[in-house]
Amino acid sequence: MSEFRLLSVVHVFMIRNQQLLLLRRFNTGHDDGYYALPAGRLERGEGVMAAAIREVQEECGALIAPGDLEMTGVMHIKTSHDERVDFFFIAKQWSGEISNAEPHKCDDLRWFPLDRLPANLLPVAGQALDQYRQGVWFSEHGWNQQ
């Protein structure tokens, strides 16, 4: 039997003035056309907070200080092609100007009111936001769908 390795992804809720920053996936081959949080895979030897800070800077051009990043939850996810443990953070302050730093992977970056998120929001992001609002720290997604 081959060794099982679990993928981990970080996601960051960037919130200002009751609005959430979302990026619409484009040309990635995975969930294109859906709005998502700034997110990405952990790299070998990288801590989850460092990965969250790196992903925001790579995708949005903003720099988050470690003290301005708060973990909001963990989700064990099963899809048709992988299993993951994802980490969700929230940031309410950062430095730098928000911009689409990866236009080859994102065709829209905008702020949405928290009470009017787009219908094409990735389900995992919507679930994580709902659970954060309810104070739920751990959840699963996709396990009862297979």
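What do the square roots of 5 times the Cα gyration tensor eigenvalues come to for the chain, in whole Å, largest first, as semi-axes of the equivalent ellipsoid?
Rounded to whole Å, the semi-axes are 23, 17, 17.
Can you tell me the length gained on complete extension of the stretch GLU97 to ASP68, counting 0.36 nm per residue apart and subtracting the Cα distance? Could you put the intermediate results ahead of the total?
On the way: separation 29, 0.36 × 29 = 10.44 nm, distance 1.63 nm.
Extra length from GLU97 to ASP68 when fully extended: 8.8 nm.
From the Cα gyration tensor of segment 98-145, with a ≥ b ≥ c the square roots of its eigenvalues, which class applies: rounded if a/c is under 1.5, or else prolate if a/b is larger than b/c, or else oblate?
Since a/c reaches 1.5 and a/b is larger than b/c, the shape of segment 98-145 is classed as prolate.
Whole-Hz Karplus ³J(HN,Hα) for segment 52-62, in order, using 6.51 cos²θ - 1.76 cosθ + 1.60 and θ = phi - 60°, x for Gly and Pro?
Using θ = phi - 60°, the values come out as 4, 4, 4, 4, 4, 5, 5, 8, 10, x, 9 Hz.
What's the longest piece of the chain with no exposed GluC sites (Glu not before Pro), counting a site as exposed if DSSP puts it in a loop and it has at most 15 other beta carbons within 10 Å?
Looking at the chain, 47-96 is the longest stretch - no exposed GluC sites (Glu not before Pro) with at most 15 other Cβ atoms within 10 Å.
Rolling a 1.4 angstrom probe over the protein chains, ignoring ligands and nucleic acids, what is the accessible area of LYS78 in square angstrom, nearest 10?
Taking all protein chains as shown, LYS78 has close to 60 Å².
For the chain, set up a Gaussian network in which alpha carbons nearer than 10 Å are linked by springs, and say which option among LEU114, LEU122, LEU21 fluctuates the most.
Highest fluctuation among the options: LEU114.
Report, in degrees rounded to the nearest 10, the 0 to 90 angle that the Cα long axis of helix 123-134 makes with the longest principal axis of the chain.
Roughly 70 degrees between the two axes.
To the nearest 20 debye, what is the magnitude of the charge dipole of segment 1-122 about its Cα centre, counting +1 on the Cβ of each Lys and Arg and -1 on the Cβ of each Asp and Glu?
180
Tell me, what % of the accessible area of the chain is carbon and sulfur with a 1.4 angstrom probe?
49
Top mean-square fluctuation among GLY96, GLY61, GLY40, Gaussian network model of the chain, C-alpha springs under 10 Å?
It is GLY96.
On full extension of the chain, what length is gained from LEU6 through ASN120, given 0.36 nm per residue of separation minus the C-alpha to C-alpha distance? If you can, show how the numbers build up before the last one.
Details: separation 114, 0.36 × 114 = 41.04 nm, distance 2.68 nm.
Full extension from LEU6 to ASN120 adds 38.4 nm.
With the dipole of segment 60-146 worked out from charges on the C-beta (+1 for Lys and Arg, -1 for Asp and Glu) around the Cα centre, which of ALA128, THR72, LEU114 lies farthest toward the positive end?
LEU114
For HIS30 and ILE15 in the same chain, what is the full-extension length gain: residue separation times 0.36 nm, less their Cα-Cα distance, in nm?
Working: separation 15, 0.36 × 15 = 5.40 nm, distance 2.47 nm.
Residue separation times 0.36 nm, minus the Cα-Cα distance, leaves 2.9 nm.
What chymotrypsin sites (Phe, Trp or Tyr not before Pro) does segment 1-85 have in DSSP loop regions with at most 12 other beta carbons within 10 Å?
Working: sites: PHE4, PHE13, PHE26, TYR34, TYR35; in loops: PHE4, PHE26, TYR34.
The qualifying sites are PHE4.
Would you give the gap between the C-alpha center of segment 9-83 and the C-alpha center of segment 85-130, rounded to a whole Å?
Comparing the Cα centres of segment 9-83 and segment 85-130, I get a distance of 8 Å.
Using a 10 angstrom cutoff on alpha carbons, build the Gaussian network for the chain and name the most mobile of VAL56, VAL74, VAL136.
Looking only at VAL56, VAL74, VAL136, the largest GNM fluctuation is found for VAL136.
Enumerate by residue number the trypsin sites (Lys or Arg not before Pro) in segment 1-42 meeting two conditions: DSSP loop (anything except H, G, I, E, B), and at most 10 other Cβ atoms within 10 Å of the site's Cβ.
ARG5
In the chain, what percentage of the DSSP-assigned beta bridges are antiparallel, given to the nearest 5?
Of the beta bridges lying entirely in the chain, close to 65 percent run antiparallel.
Counting helices only, and only those DSSP H runs with n ≥ 4, report the 222 nm mean residue ellipticity of the chain as the sum of -39,500 (n - 2.57) divided by its residues, in deg cm²/dmol to the nearest 500.
On the way: 2 runs with 25 residues, N = 146.
Helix contribution divided over all residues of the chain: -5500 deg cm²/dmol.
The values are calculated or read from the model by the stated rules, or taken from the named source; none is laboratory data. Since the model is a prediction, treat every value here as computed from it, not as a measurement. Note that we place each Cβ from the backbone using ideal geometry, even for glycine, and neighbour counts take in every protein chain shown. Ligands, DNA and RNA are excluded from the accessible area calculation, which covers all protein heavy atoms including side chains. Shrake-Rupley method; radii C 1.70, N 1.55, O 1.52, S 1.80 Å.
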